[in-house]
Each structure stands twice: as structure tokens, then as C-alpha cells.
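Here the structure is laid out as C-alpha cells; the discussion comes afterwards.
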Amino acid sequence: MDIYKIKGGKKLSGEITISGAKNAALPIIVASLMADGETVLHNVPNLMDIRTIVKVIEALGAKTHFDQAKNILKITAQNIKNNEIPYELVKTMRASVYVMGPLLALTGEADVSLPGGCAIGERPVDIHLSGFEAMGAKIILEHGNIRAKTKKLKGATYKMNKVSVGATANLMMGAVLAEGKTILENSAMEPDIVDLGNFLNAMGAKIDGLGTDKIEIDGVKKLNAVSYSIMPDRIEAGTFLIAGAITKGSITLKNVVPEHIGALLYTLKEMGFKIKTTKDTVSISPSQKLLGTIIRTVPYPGFPTDLQAPIMALATILSGITTVTETIFENRFTHVPELRRMGADITIEGNTAIIRGVKSLSAAPVMMSDLRAGAALIVAALAAKGTTEIRRIYHSDRGYEKLPEKLSQLGVSIKREKGEA
Ligand code: EPU
């Protein structure tokens, strides 16, 4: 298994271009199953999770061609069948459950392995399932599988008891080809959902209310294949801004939608960083006085849970105290013991981490436990004294395209090496 060796202490400088959004691309790739003709997706990040979802749709009968160098994915979906998706694929990526919406809409049947828990929490799919039940599907759980069946999905009004990005995407995909009108209440407002909705509308769907907590969908008979460009990845952008911040460097990110990271920009300004934005760039530089602050993760447009670990890494070296409260996932502090190994002063009380700023971090061998926890370790390594060795870096391969290349471009000394088996 490969490891990263990162030499800390260098101020980041320069500019990089942000890749396409993983969490928008995943449902959009699956939604292409419903298109008649060849879908051409641009700005698709070449990531492990993307290559996995491509295997998932191939297992259902789609033909694909992924030009990984150009980030163009072509998908032709004909004769889509409800084939069982190998547990091996579902196990590595929960987003496989996204096939339920399109499969139910197209074939009236969906058999998918029930995703298990993962490093950040239990992550049930009950909201997806009761939403499909409200639309007329019969669902049984047996032998670790979800088996859903319906003659034809029917429009319904369904209020989610919790804001769920995944359930909103899945139900929206099912609803576009359902009979009649569906109203999703308490729906997710994340930009990834808006991007998926825009893609479906471009194919001929009738979706209103994207970006609000009430999405209304009038079912249509057919969707046509289109060419579409995936929006920029706001979590990748946020991670790099935090990386620039922890080194007190000055960097510029291109291909960003600043509005998508509004809550992060607010927090960074509150900490004392200087931020400049244009329509599609964000620049960060330090100021003399940098201070800790109060952070609470909430659904969009609030502070994203996916940036909670990286911002905590930054907080470890700011003056004063920062508190970080995680309200979305119950077990998303696995980076804390690793940050402590690097000299951070963090105490956990329930779902709140209390971070007392230290003068500096010191390099230590550490291990990624999930994608964003891994990002926190990379951020910490950039500021640590010495060379940090990070293991289990396959986690960051899932979500950060060309990570070592981009960091090198900003002046970081980073090596990817073969570690022990
Ligand atoms: N939840 C339920 N029941 C459900 C669905 C969700 O109780 O049926 C709970 C979850 O356990 C969690 C909360 O609702 O406590 C929110 O979960 P959500 O469904 O919004 O998360 P998700 O769709 O599984 C996506 C992203 C995550 C991101 C979350 C929150 C994708 C593929 N994944 O997950 O991204 O953290 O939304 O914004 O879009 C990542 O990229 O590292 C990542 C984990």
C-alpha cells in the first residue's frame, strides 16, 4: 500500500485548477442510465469512486468510455436490466444505492445490496426506502439485499424526516419518470443536488425548486441524452484553501463557484484570513492576527461536514480556542487521535471537539481512516515540523484528483512511495 511523505513548513503559493465535483458526478453518472442515446459528461474527475460507479452502471448493461486524461465520460444506456450489483462494489461505495431510483423508474425493480456502516457512522438508507414506498414501491430486506418492486412509480408528496443528500438525489431520479407529480419536502439544498437537477432538466425532466427545501417534479415519459459539464468540487476547493491557510501561504484556486463555499469563506475570514473572490476564482492570504472560532456542521448552506476534519487541522495551530461541533455524522472524529500524535491539543466532549491552539505541529507516522479524515492529515502535515508519513492513502484517492501533482504545483515537497504490504 502506497504512502505519502510530506515535508512540512513551506508556505504554499501559486494557483491550481479545481476538478469536477465527485458528489455531483456520482448521481449524474447513474442518472445517465435513464437517457435515450449517448450521454457525454465533461469535467468528470478521474477518481476511484467514479471508476467504481462506472463499473456499477456497466453491471446493469450500460456501455461506457472514460477518457481519463480529458475527464470525458461517454455513456450509452440501452436495455438496462436489474442485474444484481456485486456486493464487492457496493461495499466499497455507498453511492451504489443511487441505482435504485433509475432502476425502479426504468424496470420497476431494483435489487441492491444494503450498504453497511462505514468509518464515519452507521449511515442508514431508511429515508430512501420510505420515499420509494410513498411512491408505490414494495420493499423487502432479505439476505443483506434491498429488493424493491413496483408496476410503475407514482408521484407522491413525501417529507424527509432528516435532510439527506443521498435520499433527495435518489428520489428525484425516480420521480422524473414517475406517473404524476412528486413533491419532496425538507429536501437537500446542496449544490450537488442542484447540478443533478440541472442535468435531468437538460435531458427533458420537469423539476422545480432546485436549491430550496421543496423540490417539485412532474413526471415525463422519456429523457434524452445530452452533453453536460459537472460543476467544480467545492470540498476539494475548500480543502486546498485550508491547506493554503495552515501554511500562511497565498494561493489562488481556479474553476470554483465561491458561493458554494460561502460558509467556509465566512469562517476563514472570521479566523483572520484575507479572501478575494471573482466569479470563478478564490484567493486566500494570511493576516497578522489569526484566531480560533466556533464551527458547527449543518446541511448546506451551512458549514459542510466534509470540511470539518480539514478545518480542525487548521484550528490546531491558531491562537485561542476553536470548537467544532459535528451534527451530521455520529463518528466523524477519527482524525483526532492522529492529529494528537502530531502534537495537537484536542478534547472531545460528545459531538464537540475543543481545540486549543499549539505553537506548532510535529511530523509523525499517521494513518487515514476515511477520505476527509485523510485530508485533515495532509493539511496538518503541510504545517508540521519534519516529514510526515501518511498511510492508507487509498482513502484520499477516492476523492482528490491529482493530489500530489496539485500540491507540488503549490510548492509542497510530497512523495508517493510504496509502503509495506
Ligand atoms: N440518513 C439517515 N437515513 C437515510 C439517509 C441518511 O438517517 O436514509 C442520515 C445519515 O446517517 C446522516 C444524515 O442523514 O446522519 C445525512 O446523510 P446524507 O444522506 O445527507 O449523506 P449521504 O448522501 O450518504 C453525502 C455525501 C457525503 C457527505 C454527506 C453530507 C455523496 C456520495 N456523499 O452522503 O460525502 O458527507 O452527503 O453532506 O454525495 C465525502 O465525500 O467524503 C462524503 C462522505
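The values are calculated or read from the model by the stated rules, or taken from the named source; none is laboratory data. Since we're looking at a predicted model, the values are computed, not measured. Cβ: placed from backbone, ideal geometry, glycine included. Neighbour counts: every protein chain shown.
Give region 38-71 a look and list any residue that's among the small types (Gly, Ala, Ser), part of a loop (DSSP other than H, G, I, E, B) and either within 25 Å of Glu88 (Cα to Cα) or at pLDDT below 95 (or both), or say none.
If the condition is that a residue be among the small types (Gly, Ala, Ser), part of a loop (DSSP other than H, G, I, E, B) and either within 25 Å of Glu88 (Cα to Cα) or at pLDDT below 95 (or both), then Gly61, Ala62 are the ones that fit.
Considering only residues of region 123-142 that are in contact (Cβ under 8 Å) with a residue 40 or more places away in the chain and within 30 Å of Arg332 (Cα to Cα), which is farthest from the ligand (Cβ to nearest atom)? Steps first, answer last, please.
Just the residues of region 123-142 that are in contact (Cβ under 8 Å) with a residue 40 or more places away in the chain, to begin with: 123, 125, 127-128, 131-132, 135.
Now drop any that are not within 30 Å of Arg332 (Cα to Cα), which leaves 123, 125, 127-128, 131-132.
Values: Arg123: 4, Val125: 4, Ile127: 3, His128: 5, Gly131: 8, Phe132: 11 Å.
So the residue we want is Phe132.
Which residue is nearest to the ligand (Cβ to nearest atom), if the candidates are limited to region 86-122 and must be β-branched (Val, Ile, Thr) and farther than 18 Å from Thr150 by Cα?
Among those residues, the one meeting the criterion is Ile120.
Pick from region 279-310 the residues that are in a loop (DSSP other than H, G, I, E, B) and of a type in the set (S, T, N, Q): which of them is modelled with the highest pLDDT?
Among those that are in a loop (DSSP other than H, G, I, E, B) and of a type in the set (S, T, N, Q), it is Thr293.
Can you say whether Ala202 is closer than 14 Å to Thr157 by Cβ, of a type in the set (Gly, Ala, Ser) and in contact with a strand residue (DSSP E or B) (Cβ under 7 Å, 6 or more places away or on another chain), as far as the supplied structure shows?
Spelling it out, it is not the case that Ala202 is closer than 14 Å to Thr157 by Cβ, of a type in the set (Gly, Ala, Ser) and in contact with a strand residue (DSSP E or B) (Cβ under 7 Å, 6 or more places away or on another chain).
Can you run down the residue pairs with Cβ atoms below 7 Å, 6 or more apart or on separate chains, where the first is in region 406-421 and of a type in the set (Phe, Trp, Tyr) and the partner is modelled with pLDDT of 95 or more and surrounded by fewer than 16 Cβ atoms within 10 Å (Cβ to Cβ)?
none
What are the pairs, 6+ residues apart or on separate chains, where a residue within region 91-111 that is closer than 15 Å to Glu133 by Cβ and touching a residue at least 12 places away in the same chain (Cβ under 8 Å) has its Cβ under 6 Å from a residue that is within 15 Å of the ligand (Cβ to nearest atom) and hydroxyl-bearing (Ser, Thr, Tyr)?
none
With the structure loaded, tell me whether Gly155 is buried (at least 17 other Cβ atoms within 10 Å of the Cβ), within 24 Å of Gly211 (Cβ to Cβ) and more than 8 Å from the ligand (Cβ to nearest atom) or whether it fails that test.
On the way: buried (at least 17 other Cβ atoms within 10 Å of the Cβ): yes; within 24 Å of Gly211 (Cβ to Cβ): yes; more than 8 Å from the ligand (Cβ to nearest atom): yes.
It is true that Gly155 is buried (at least 17 other Cβ atoms within 10 Å of the Cβ), within 24 Å of Gly211 (Cβ to Cβ) and more than 8 Å from the ligand (Cβ to nearest atom).
Would you check if Ala383 is in contact with a helix residue (DSSP H, G or I) (Cβ under 6 Å, 6 or more places away or on another chain), away from the ligand (no atom under 16 Å from the Cβ) and without any contact (Cβ under 8 Å) to a residue 60 or more places away in the chain?
no
Taking the criterion of being buried (at least 23 other Cβ atoms within 10 Å of the Cβ), in contact with a helix residue (DSSP H, G or I) (Cβ under 9 Å, 6 or more places away or on another chain) and assigned to a strand (DSSP E or B), would at least one residue in region 256-278 satisfy it?
no
Please determine, by comparing only the residues of region 185-243 that are of a type in the set (Gly, Ala, Ser) and closer than 30 Å to Lys11 by Cβ, which one is nearest to the ligand (Cβ to nearest atom). Working first, answer last.
To start, the set of residues in region 185-243 that are of a type in the set (Gly, Ala, Ser) comprises 187-188, 197, 202, 204-205, 209, 211, 219, 225, 227, 229, 237-238, 243.
The next check asks that each one be closer than 30 Å to Lys11 by Cβ; those that pass are 237-238, 243.
Working: Ala237: 13, Gly238: 11, Ala243: 16 Å.
Out of the qualifying residues, it is Gly238.
Which ones in region 379-395 are under 13 Å from Phe240 (Cβ atoms) and either in contact with a strand residue (DSSP E or B) (Cβ under 7 Å, 6 or more places away or on another chain) or of a type in the set (Ser, Thr, Tyr) (or both)?
Leu382 - this is the single residue of region 379-395 that is under 13 Å from Phe240 (Cβ atoms) and either in contact with a strand residue (DSSP E or B) (Cβ under 7 Å, 6 or more places away or on another chain) or of a type in the set (Ser, Thr, Tyr) (or both).
Can you tell me which residue within region 300-333, out of those that are under 23 Å from Val256 (Cβ atoms) and touching an Asp or Glu at 6+ places or on another chain (Cβ under 7 Å), is farthest from the ligand (Cβ to nearest atom)?
The qualifying residue farthest from the ligand (Cβ to nearest atom) is Gln308.
When only residues in region 68-97 that are loosely packed, with under 12 Cβ neighbours inside 10 Å and under 23 Å from the mean Cα position of the chain (by Cα) count, which is nearest to Leu171 (Cα to Cα)?
Filtering first and then ranking leaves Glu88.
Scan region 169-186 residue by residue and report those that are surrounded by fewer than 24 Cβ atoms within 10 Å (Cβ to Cβ) and either of a type in the set (Phe, Trp, Tyr) or free of Cβ contacts under 8 Å to residues at least 60 places away in the same chain (or both).
Glu179, Gly180, Lys181, Ile183, Glu185, Asn186
Only one of (1) within 16 Å of the ligand (Cβ to nearest atom); (2) surrounded by fewer than 19 Cβ atoms within 10 Å (Cβ to Cβ); (3) touching a residue at least 12 places away in the same chain (Cβ under 8 Å) is not met by Asn145, so which one is it?
(1)
Can you name every one of the strands (runs of 3 or more DSSP E) wholly within region 335-421 that holds 1 or more residues which are modelled with pLDDT under 95? Steps first, answer last, please.
Working: elements: 345-349, 352-356, 387-391, 413-418.
Fully inside region 335-421 and qualifying: 413-418.
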